[in-house]
Amino acid sequence: MAAEPTHAIDALGQFKLEPVIGSLHFSQSNVFMLVAALLTLGLLVLGMRPRAVVPGRFQALAEMAYQMLLDMCVGTIGPEGKRYFPFVFTLFFFILLGNLLGLLPFAFTYTSHIAVTFGLALIVFVIVTFEALRLHGLHFFSYFFPAGAPVLLAPLIVPVEIISYLSRLVSLPVRLFANMVAGHVMFEVFASFIVMMSAAGILGSAASIFPLGLNVVLVGFELLVAVLQAYVFAILTCIYLHDAVHLH
Amino acid sequence: MDPKPGSDASGTGGKSPLGVGLKVGVELVSALVVAIAIGFALDRWLGTRPIFLGIFLLLGGAAGVLNVWRMYAPPDRLGQKRDKTERDKTD
């Protein structure tokens, strides 16, 4: 996230992938994915090690995270939601840690790449469609034609419903990706302002406290966005799974 | 990482004008993108350059409006059982 002290603000350079291990296709993005996976595993394994009746801080965190996501699954999908809980839990923590780790200095936000968020959305989409087909068979296709609509309108309604169904595949990743990119670009721009203003003499240095303060505020806001977007991704997955399980 | 502030904030965050605008915008554009992609692919396959693109452009606009309608529709219409409170939680 280091600002380049040039005359142009290089706001997108921070998203560039750099290979970590020479010729292997292993970038810093993948390193942070591994770190996120290990942190999640560590939270659950080490957090639940004491198995205390009155949980300590770590155990309370692990238990609260578990309970919150279980409630989300069961509350949104219904009693069948327990079956999808591991998937939603993994998805939530992968995105949450991606967003939060990206806020650390010198870290890389892997959720700021559309390829990553689109990959996640594709997994969700395939699982949702597969589950709907498995549970309802060919009856699933009645999803694209609401009951009670005039049959004459079918050529119009069915394509519109199919496009609406497929548009999840675009709106789900774009929402997360756009939020992450926007936040990090703002960080970079304001950080560049600090460098540029302090180059303009003592008055500029004094005034550069304002972009600095703005960035401090922005860190708090981005913490909110990081948690919120992980939550939104998870609850939308739950809503789509609800639609797949119950059809309408 | 506290779950409670996160879920509370999402309720307020989704209602801010910027949140609503972003939400609606993403839904409208994503439906259009999908529709244009389908229309373009069909045209390339069948060699009928502008026809399917035009048709699917209109259908995509309709699908985008349908997405937005689903988000803000009164819960008893269209046989939608998903309740509005859940929809409101999303950004």
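Below are the figures for this structure:
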item	result
Segments A:65-77, A:35-47, A:202-214 sorted - mean Cβ within 10 Å per residue, highest first	A:65-77, A:35-47, A:202-214
For chain A, the longest site-free run once trypsin sites (Lys or Arg not before Pro) in DSSP loop states with at most 15 other Cβ atoms within 10 Å are removed	A:52-248
For chain A, with +1 on Lys and Arg beta carbons and -1 on Asp and Glu, the positive-most of A:194, A:43, A:238 along the dipole	A:43
Nearest 10 degrees, 0 to 90: helix A:57-77 Cα axis against chain A principal axis	40 degrees
Degrees, to the nearest 10: A:209-246 long Cα axis against longest axis of chain A	10 degrees
For the protein assembly as shown, diffusion coefficient by Stokes-Einstein and Kirkwood Rh (Cα), 10 °C, 1.306 mPa s, µm²/s	72 µm²/s
Value of [θ]222 nm, deg cm²/dmol, for chain A, DSSP H segments ≥ 4, -39500 (n - 2.57) each, nearest 500	-24000 deg cm²/dmol
Partner chain coverage, peptide A:139-150 - average Cβ within 10 angstrom	1
Positive-end residue, the protein assembly as shown charge dipole about Cα centroid, Cβ charges, pick of A:117, B:72, A:142	A:142
Full-stretch length increase - residue A:106, residue A:136 - with 0.36 nm per residue and alpha-carbon distance subtracted	6.0 nm
Rough spin-label spacing in nm, given labels placed 7 Å along Cα→Cβ, for residue A:37 and residue A:143	2.8 nm
Point-charge dipole on Cβ atoms (K/R +1, D/E -1) for chain A, about Cα centre, debye to 20	500 debye
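Every number here is computed from the coordinates shown, using simple stated rules; none is lab data. Fair warning: this is a prediction, and the values are worked out from it, not measured in the lab. Cβ coordinates were reconstructed from backbone atoms using ideal geometry, including for glycine residues, and neighbour counts include every protein chain displayed.
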